[in-house]
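Engineer: Please see the structure below; I have some questions.
FYI, it's all coordinate maths here, none of it is from the lab. The model shown is predicted, which means the values in this text are computed figures rather than measured ones. Backbone-built Cβ (ideal geometry, glycine too); neighbour counts: all protein chains shown.
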Amino acid sequence: MSGARFRSLRRLVLCAGGVVAALLPALAPHPFVLSLATQAVIWALLASSWDLLSGYTGQISFGHAGFFALGAYTAAGMAKHLGLSPWLGLLLGTGGAALVGVGVGFPALRLRGHYLALVTLALAELIRLSAQNWLSVTGGPFGMYDFGTFPGLPAGAVARAQATYLLVVAVVAGAVAVMLYVCRRTRAGQAFRAIREDEVLAESLGINTTVYKLLAFALSSGFAGLAGGLYAFYIQLVSPTVASAATTSLVIGMAVFGGLGTIWGPALGALLLFAVNEALRFVGVVYNLVAVGLTIMVFVIFLPRGLAGLALRRQRLTVRRDALRAEEDAEPGQPEQVTGATPSAEDPRSTA
Amino acid sequence: MLEVAGLRSGYGRLEILRGASLRLPAGFIVGLIGPNGAGKSTLLKTIFGYLRPFAGAITLEGRSLVGLRPDQIMQLGVGFVAQAGGLFADMTVHENLLVGGYSLGSRGELRAALEDVYARFPLFRERRRQPAASLSGGEQRALALARALVIRPRVLLLDEPSAALAPRFIEEVYETIRALNRSGIALLIVEQNVEMILSVAHRVFVLDLGRNAFDGTPAELRGSDRIRRLYLGEGSRAGIPA
Amino acid sequence: MVLGGLYALFAVGLTLIFGVLDVINVAHGEFFAVGGYLVFAALVLLHLPPAAGVAVAGLGAFLLGLAVYPLLIGPLKRRLGRRPAGSLYLVLTLGLSTFLQSSLLAVAGGEYVRVPPLVSGILEIGSTGVSHQRLLVVTVAALLLAGLFAFLRWHREGLAVRAVAQNPEAAQAIGISLTRIFVLTLGLGAGLAGVGGALMAPLFNVYPAVGFPLTIKAFAITILGGMGNLVGALLASLIIGVAESLVVMAIPSQWQNGVAFVVMIIVLLLRPQGLLGRATSR
């Protein structure tokens with residue numbers, strides 16, 4: 001499928017999806033369905049935010065549950081302890097998570113793949129431990145509740161569910177749109193891709209990898225925090241399990257399923273996987289996680305680009321082109337001429 | 001003995017060799033020279049199985065090597081000495097040699113092979129317990145060579161044996177190469193140091209941009225003005241052309 | 001001391017796997033858990049003697065570990081070719097971890113499983129008493145680790161393992177089959193973790209996620225000791241084990257687990273190569 005035709009097909013699919021999403025409250029005005037849909041959308045945001053950092057910029061984070069939890073606890077905490085409006089809480093949750101993200105980003109500048117993943121994992125665990133033990137602020141193992149929800153929601157169950165759903169969808173759609181815009185249409189996005197492909201090369205081309213890495217961290221963790229805040233106000237209970245490794249695992253599974261490095265892939269993957277997850281709950285509560293684990297393994301090996309990759313064969317070339325923005329003209333049809341390696345050595349990967 | 005025909009090879013989608021050929025007759029020393037990026041190391045690595053060729057043939061005494069793994073090719077009597085590293089830095093000299101004989105069947109065979117190597121390189125007998133990383137550059141290169149000899153190869157592939165060595169050590173290494181050849185081993189040597197390789201090789205192939213540019217005896221190469229200018233450097237000093 | 005010994009069994013196995021395959025096995029804790037469950041099955045369900053139980057656990061974990069490379073890592077390696085993509089392997093083992101953990105949950109249920117002590121009795125030392133069980137853990141751990149180090153130092157295959165860890169290309173050049181060594185290493189690492197699980201089962205309850213906190217701690221330990229450095233892992237295990245025991249006296253015990261994380265973060269910031277540094281130059 002040629003690039004242009006694919007793009008228009010994708011736009012069509014997205015529009016159709018958008019229409020369905022918008023009309024869902026009317027099509028299926030059942031609180032349970034809407035509740036599932038709302039959660040799925042929140043997960044979509046979380047998965048996309050993870051992808052921005054790990055799939056798109058190549059900075060693998062195993063601790064996104066931590067940012068999610070930070071956003072959730074901050075938002076809830078602000079509402080409960082300081083009586084702030086949930087909107088403000090959301091904002092603060094997002095900002096707080098983003099700040100911590102940048103904080104994590106600094107040492108991450110120096111760390112390679114494994115180390116970064118481990119540090120983020122440890123961080124998430126620390127957050128979980130804090131959540132579990134800092135009774136006065138976080139309510140300990142039982143979590144926080146009773147901190148109110150979005151203001152101005154209608155009273156009836158169905159209407160309430162519909163309104164909440166629409167609200168969440170709007171916020172999430174906006175957030176994902178922002179991420180997509182940044183990645184696709186700004187220089188930052190180019191920088192992210194370059195960093196993922198070959199950091200050394202990116203540096204040598206004058207890309208300030210430090211700034212862009214930190215930006216990726218900030219955006220990614222901020223949006224994860226936003227997802228957390230939305231989750232908090234939606235579910236109205238925040239407990240330490242949101243920061244657990246199982247959460248991170250689920251998020252990564254969704255992202256891998258949907259397709260790493262695409263932003264929209266993980267969002268889609270999240271929606272689908274969440275649906276599957278819930279469906280499997282009817283089979284038996286635990287088998288869903290087994291399936292998640294299997295999905296991750298199978299997809300990483302056989303379909304690393306996930307669902308998105310099935311249709312994105314051509315887009316792989318963008319990545320190589322971007323890594324070598326030294327020449328302004330890029331020829332889409334001749335990947336063989338474009339080397340993805342450092343220019344000087346005879347054998348670019350002779351010691352790989 | 002070893003024949004390469006029309007080899008196309010490279011890394012991922014990057015094609016470096018675009019149809020290279022050469023022949024290494026038994027008991028000969030063949031040199032492979034050419035500018036940076038020509039694909040010399042790539043050719044060697046492809047022969048030894050580290051890289052899978054896109055197209056072309058590689059045969060050892062008529063038997064195809066394409067698709068075999070390095071450890072399988074080694075079993076056929078081919079040794080490989082890498083350009084840099086190639087040693088086990090945290091092991092002692094003795095352990096490096098010992099593990100070189102990993103594929104030998106019996107302990108007796110191993111002991112005999114090690115004895116031979118120590119006889120040829122008495123220096124290592126003294127230094128057996130030293131960590132390999134503590135040896136000088138030249139000694140390390142010699143150790144890598146020695147290790148490849150434990151299995152008594154019939155063919156040796158050397159990737160830039162003189163790289164990063166002081167001239168004194170280069171002489172020693174090439175003395176060893178001559179001695180090895182006298183004992184019957186065929187050697188295919190990739191080199192940047194054109195002078196040295198011209199002094200030992202029976203035949204030299206010149207590679208440029210992934211293809212053969214010339215081949216002949218060292219005398220023929222030196223005799224051609226064009227080759228001298230392009231690949232041997234102006235005048236007769238060893239060097240890499242601009 | 002007990003904790004140190006246990007951590008050592010666990011972390012050394014993890015480090016071995018990382019050193020040889022350059023893959024961080026996020027699922028290492030699950031081998032530990034499997035060991036615990038196997039010893040339960042052996043002792044309680046099959047009424048085997050304790051020694052046999054531990055052996056079964058170790059063997060079972062070993063076999064499970066053997067399967068990991070051919071089924072998972074190998075295919076991914078083939079797919080990726082020579083591109084270094086450590087992060088994808090990490091995601092792969094994360095998937096394995098999730099899969100194993102939830103499979104254990106599905107098969108065995110989430111409740112704690114009690115395993116009777118392998119040996120009973122208390123040894124009096126001065127004014128305190130140490131249970132024989134704990135001594136057993138330390139002893140077996142010490143023996144196994146000594147055995148492992150001896151294997152690596154003197155045995156032909158052990159030499160091959162070290163060779164692959166230090167220089168896979170040169171190792172191939174001398175006829176070592178990388179695949180075989182990878183498979184063996186994973187089996188060894190998993191087996192060690194499994195024995196650890198079996199030994200610890202009577203002291204701590206067994207449940208599907210029992211391995212996870214250990215895994216994270218093991219990461220901290222390996223980083224502290226220097227990734228890929230076995231001796232470093234050993235030392236770091238003891239250090240962390242002792243540190244945790246001491247720290248408990250100063251801060252509330254729920255935070256005990258946090259010690260390892262804080263250490264890890266500090267080490268990564270100040271001295272990423274750990275105490276002893278990466279054993280090999282790669």
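Engineer: Hey, rough spin-label estimate for B:Arg211 and C:Val242, points 7 angstrom out along Cα→Cβ, what's it come to in nanometres?
Structural biologist: About 6.9 nm, to one decimal.
Engineer: Below 8 Å, C-alpha to C-alpha, sequence gap of six or more: please give me the relative contact order for the stretch C:163-282 in percent.
Structural biologist: Computed value for the stretch C:163-282: 29 percent relative contact order.
Engineer: Here's something else I'd like to know. Taking the C-alpha atoms of chain B, how large are the radius of gyration and the largest Cα-Cα span, Dmax, in Å?
Structural biologist: 17.7, 55
Engineer: I would also like to ask the following. Tell me the relative contact order for chain C as a rounded percent, counting alpha carbon contacts under 8 Å between residues six or more apart.
Structural biologist: Answer for chain C is 36 percent.
Engineer: Near B:Glu175, within a Cβ-to-Cβ distance under 13 Å, what is the net charge of the other residues, with Lys and Arg +1 and Asp and Glu -1?
Structural biologist: Within the 13 Å Cβ shell, the charges total +3.
Engineer: Can I ask one more? When a/c is below 1.5 the answer is rounded, else prolate if a/b is larger than b/c, else oblate, so apply that to the stretch A:24-326 with a ≥ b ≥ c taken from the square roots of the Cα gyration tensor eigenvalues.
Structural biologist: The shape class here is prolate.
Engineer: Leaving out same-chain residues fewer than 8 places away, which lysines sit with a Cα under 27 Å from that of B:Lys45?
Structural biologist: In chain and number order, the partners are C:Lys77.
Engineer: What ranking do A:Trp134, A:Trp50 get, fewest neighbouring Cβ atoms within 10 angstrom at the top?
Structural biologist: Lowest count first: A:Trp134, A:Trp50.
Engineer: For a paramagnetic label modelled at 7 Å from the Cα of B:Arg63 toward its Cβ, which residues of the stretch C:172-195 fall within the zone defined by backbone nitrogen distances under 16 Å?
Structural biologist: Zone members listed by number: C:175.
Engineer: Can you give the Rg to Rh ratio for the protein assembly as shown, taking only C-alpha atoms and Rh from Kirkwood?
Structural biologist: Result for the protein assembly as shown is an Rg/Rh of 1.02.
Engineer: Count charges around C:Ile174 for me, please; just the other residues with Cβ under 10 Å from its Cβ, Lys/Arg as +1, Asp/Glu as -1.
Structural biologist: Summing Lys and Arg as +1 and Asp and Glu as -1 gives 0.
Engineer: Still on this model: Find how many whole Å separate the alpha carbon centroid of the stretch B:62-133 from the alpha carbon centroid of the stretch C:205-234.
Structural biologist: Using only Cα atoms to place each centre, the spacing works out to 35 Å.
Engineer: What spacing in nm lies between the two simple spin-label points modelled at A:Arg184 and B:Ala166, each 7 Å away from Cα in the Cβ direction?
Structural biologist: So the label points at A:Arg184 and B:Ala166 sit 6.2 nm apart.
Engineer: Continuing with this model, one more query. FRET efficiency for B:Ala119 and C:Arg78, Cβ-Cβ distance as r, R0 = 25 Å, nearest 0.05?
Structural biologist: So, using R0 = 25 Å, E works out to roughly 0.05.
Engineer: Continuing with the same structure: May I ask for the net charge around C:Pro70, where only other residues with Cβ less than 13 Å from the Cβ of C:Pro70 are counted and Lys, Arg are +1 while Asp, Glu are -1?
Structural biologist: That works out to +3.
Engineer: Give the relative contact order (percent, whole number) for the stretch A:200-281; include only Cα pairs under 8 Å separated by 6+ residues.
Structural biologist: 13 percent
Engineer: Where both partners of a DSSP beta bridge lie in the protein assembly as shown, what percent of those bridges are antiparallel, to the nearest 5?
Structural biologist: Roughly 60 percent of the DSSP beta bridges within the protein assembly as shown come out antiparallel.
Engineer: Between B:Ser224 and B:Ser134, what's the calculated FRET efficiency when r is the beta-carbon distance and R0 is 35 Å? Round to 0.05.
Structural biologist: Taking R0 as 35 Å, the efficiency between B:Ser224 and B:Ser134 is 0.20.
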